[in-house]
1. Report relative contact order for segment 119-255 in percent, whole number only (criteria: Cα-Cα under 8 Å, sequence separation at least 6).
2. Loop-only GluC sites (Glu not before Pro) in segment 98-192, please: DSSP not H, G, I, E or B, and at most 13 other Cβ atoms within 10 Å.
3. With the Cα gyration tensor of segment 119-255 giving a ≥ b ≥ c as the square roots of its eigenvalues, does the rule (a/c under 1.5 for rounded; else a/b larger than b/c for prolate; else oblate) give rounded, prolate or oblate?
4. Heavy atoms of the protein only, probe of 1.4 Å, neighbouring chains included. What is the accessible area of residue 80 in Å², nearest 10?
5. Using Cα centres only, tell me the gap between segment 75-134 and segment 286-358 in whole Å.
6. For segment 251-358, with all protein chains present and a 1.4 Å probe, just round the carbon and sulfur fraction of the accessible area to a whole percent.
7. Just want the answer: with Cβ charges of +1 for Lys and Arg and -1 for Asp and Glu, which residue in 25, 74, 37 is farthest toward the dipole's positive end in segment 15-126?
8. Among DSSP bridges having both ends in the chain, what percentage is antiparallel? Round to the nearest 5.
Amino acid sequence: MKKHILVIPGDGIGAEVTTWGKKSLEKIATLFGHEFTFDEALMGHVAIEATGAPLPDETLEKAKKSDAILFGAIGHIKYDNDPSAKVRPEQGLLKIRKELGLYANLRPIVLFDELLGASSLKPEILKGSDILFFRELTGDVYFGEKKRSEDRKTASDLMIYSYYEVERIAIKAYEAARNRKKILCSVDKANVLESSRLWREVVQEVAQRYPDVKTEHMFIDNAAMQLIKDPKKFDVVLTANLFGDILTDEASQIAGSMGMLASASVGDKVGFYEPIHGSAHDIAGKGIANPMASILSAALMLEISFGLKDEAKAIVNAVDKTLKQGYRTGDIADSSTPSTHKLGTDAIGKIIIDNLVK
Ligand code: IPM
Ligand code: MG
């Protein structure tokens, strides 16, 4: 198979981890006889520094011409401490999501058995958890009108959804639920928010088209609690942009670490694959970041964008084997299991690539 992949390393630890996502794609190409070509582009703080814009036109053009995109991370501490900055790295990510029509963000929360002890949650609560989040990605307060009063003392972000936006992601989530345990939990705040009442109405309508899937509606506050009380009872979770942003960070603790979680953003055409973690400037450049989320993002790309299931499985198996051999990065190192070895980004990345076989 011939595919052209755009790599956007982005900010902070982005470049360090994306190197390994790319290397795993290269190894897959060699092992399975595919032809993957790569290009690279700037986005985020690095793009602002180089061009003045968080998403340069050139990057967007390259993205539109590619078959899939592997992205690293975005953000810089400088902006976190300066809320008044008009040009911000994150605008690049939001713009590319909108421009490419990436309305569905899939975030699988998969727990490798070896990492049961890495989470701050009790192993018996976690064991057997397997959740697939569908986070809406191009609507909500993220894209609603933003206002600041003239005296700058009042501000608002419009929380807005239209029928078609909810319907199209609900369909994707129901289709996925059909191939899983057939349980879908839609999360909203319909007891308070009008946009959530629309959300619930639409999901109820779409649910009728999928009578084989059991639907539950849950308020976001309750969902945030249930998720760590009993994660096993969730299968597919469907939710809006902001709620999904928050819930999936919380859910990352079910998988042991943010450093393990990959995500796929899909929609109109090209797919966009990235770790759910951020740019982590506190550890950037130290060579200690966990590359597994990027490597697993590459696996999602192979499966979802290219339909290469065996190739995707080979990557997941390589990560699994590496964990079984006892290799860990700092974020998943568990002091209660002294037989594990703590390694840096490149050392563990190399072992995963070596473990990657057909
Ligand atoms: C994410 C991130 C982004 C978001 C930021 C970096 C804009 O937190 O992908 O979850 O809020 O969507
Ligand atoms: Mg987030």
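1. RCO, segment 119-255: 39 percent.
2. On the way: sites: 99, 114, 124, 136, 145, 150, 165, 167, 175; in loops: 145, 150.
Filter output for segment 98-192: 145, 150.
3. Numbers: a/c = 2.46, a/b = 1.36, b/c = 1.81.
Oblate, because a/c is 1.5 or more while a/b does not exceed b/c.
4. For residue 80, the solvent-accessible surface is approximately 100 Å².
5. Spelled out, the Cα-based centre of one part sits 18 Å from the other.
6. After summing per-atom areas, the C and S share lands at 53 percent.
7. 74
8. Among the beta bridges of the chain, antiparallel pairing accounts for roughly 35 percent.
The values are calculated or read from the model by the stated rules, or taken from the named source; none is laboratory data. Please read these numbers as outputs of a predicted model, since none were measured by experiment. When we count neighbours, we look across all protein chains shown, and the Cβ atoms used for this are built from the backbone with ideal geometry, even at glycine. We work out accessible area using only protein heavy atoms, side chains counted, and drop any ligands, DNA or RNA first. Shrake-Rupley method; radii C 1.70, N 1.55, O 1.52, S 1.80 Å.
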